[in-house]
1. Quick one: among Thr186, Thr127, Thr98, which has the greatest mean-square fluctuation in a GNM of the chain with alpha-carbon springs under 10 angstrom?
2. Students often get this wrong: which residues of region 5-44 have the backbone nitrogen under 19 Å from the point 7 angstrom along Cα-to-C-beta of Gln86?
3. Would you be so kind as to identify which of Pro92, Ala39, Ala207 lies farthest towards the positive end of the dipole of the chain, taking Lys and Arg as +1 and Asp and Glu as -1 on Cβ and the Cα centre as origin?
4. Size of the dipole of region 171-259 about the Cα centre, Lys and Arg at +1 and Asp and Glu at -1 on the beta carbon, nothing else charged, in debye to 20?
5. Which percent, to the nearest 5, of DSSP beta bridges fully inside region 126-208 are antiparallel?
6. Could you list which residues have their amide H under 5 Å from that of Leu257, counting only those 5 or more apart in sequence or on another chain, with H placed in the peptide plane?
7. Could you run the Karplus curve 6.51 cos²θ - 1.76 cosθ + 1.60 with θ = phi - 60° over region 96-105 and give me ³J(HN,Hα) per residue in whole Hz, x for Gly and Pro?
8. Give the order of Lys115, Lys245, Lys291 when sorted by the count of other beta carbons within 10 angstrom, beginning with the fewest.
Amino acid sequence: MDRRDTPANGRVAHAGLRGRVAAGHYTEGIRRRVCRAVAPLLDRAEPEGRRRDRELVLHEPFRVLEEGAGWAFGFAERDGYVGYMQADALGPDPGPMTHVVAARQSYLAGAAALKNSAEIEPVSFGTQLCVRALHEDGRWAEVTRLAPGRAAAQAGGAVFVPFAHLRAIERYETDPVAVAERFLGTPYHWGGNSGFGLDCSGLVQAACLACGIACPGDSDQQEARLGTPLPAEAPLRRGDLLFWKGHVAWVAAPEMLLHANARDMAVAFEPLAAATDRIAAQGDGPVTARKRLGEPK
C-alpha cells in the first residue's frame, strides 16, 4: 500500500481500514482545521530524514487519527493525503465554511475600510472562510479567523477580507487553465500548495479542485488517476495534461504549456516543443502520458 493513501502508522489506522491493515487502534478520527496561513504536511514526526510532502492553507480540514509529542497524524480531507502536522498548527473545527479565497492571494484586515492602517495578514488561494456579514456596500466580508492554540474558545475575533477575492464554496469554476493562470509568476516551491509558492502538481491540484475535479496531490498519483489517455496522434487542446517522470504541465494552447517549473523557479508559460526537448536533455526522459480531463462540475 502507498503510505500517502493509507491512513495508518502501525499504532493507529482509520476505521475504514479495519481488516485490511494491522493496527493497535482504529478510529474515525477528529476533524480539525489549519490555523496558520500555510502549514506543511510532513512524511514523519521524527526529525531524522523528515521532509515536506504537501501543504495545507488556513482553515483547510485535516482529520487527526493520533496526537502526541506535539504532532498530529492523519490526512488532508481534500485528497486523503496522509502525514504528520504540528499539533499547534491545528484548531477545532468551528463548523461549515461558506466561501473560499479565489484570488492567488488575499489578506485579512482588522477594519472594513479601504483606507486604513490596520495590520493585515496575507492568506492564500484556497483559504476557506465563513462569511458572517458584508460591509461598506459589499466591499468587505466579515469573517472569523481560527486562532492558534488549543483552548476551547478558538475564534480569533472578527476580521475582514475583500469580498471580490472570494467565491461561494459550492460554486465551482469552469476552466482549470484559467485558474492556473492566476498563479503566473508564483515562485516554484517544492511540495507547495499555496499562492505563496507551489510545485507542478500543486498547480494542477489547485486548478482541478477549484473546478470540482477530484485530484490527488503528487504528479505520479495524478498521472494514474486523472482523465483518460490520449493517443499519441491526437491533437492537444487547452486543459489537457502532459506528464513526465516527476513532472506535470497544463496544456494552455495546442503548442503552449503552463507549469510550475524549476527552470523559471515560477509558474510560467513555455512552448511545448521547447519544454519537451529541454526536459529530455536534462535527463528526465520523454512524455509518459497525455491525459484529457472530464467536464468540470
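1. Judging by the Gaussian network model, the answer is Thr98.
2. It comes to 32-44, nothing else.
3. Most positive-ward Cα: Pro92.
4. 160
5. Once the DSSP bridges in region 126-208 are tallied, antiparallel ones form about 90 percent.
6. Amide H neighbours of Leu257, under 5 Å, 5+ apart: Ala252, Glu270, Leu272.
7. For region 96-105, the Karplus curve yields x, 9, 10, 9, 9, 5, 9, 7, 4, 9 Hz.
8. Listed from fewest to most nearby Cβ atoms, that is Lys115, Lys245, Lys291.
A short reminder: the numbers here are calculations on the coordinates, not readings from a lab. The structure presented is a predicted model; accordingly, all values stated were derived computationally and were not measured. Positions of Cβ are backbone-derived with ideal geometry, glycine not excepted, and every protein chain shown enters the neighbour counts.
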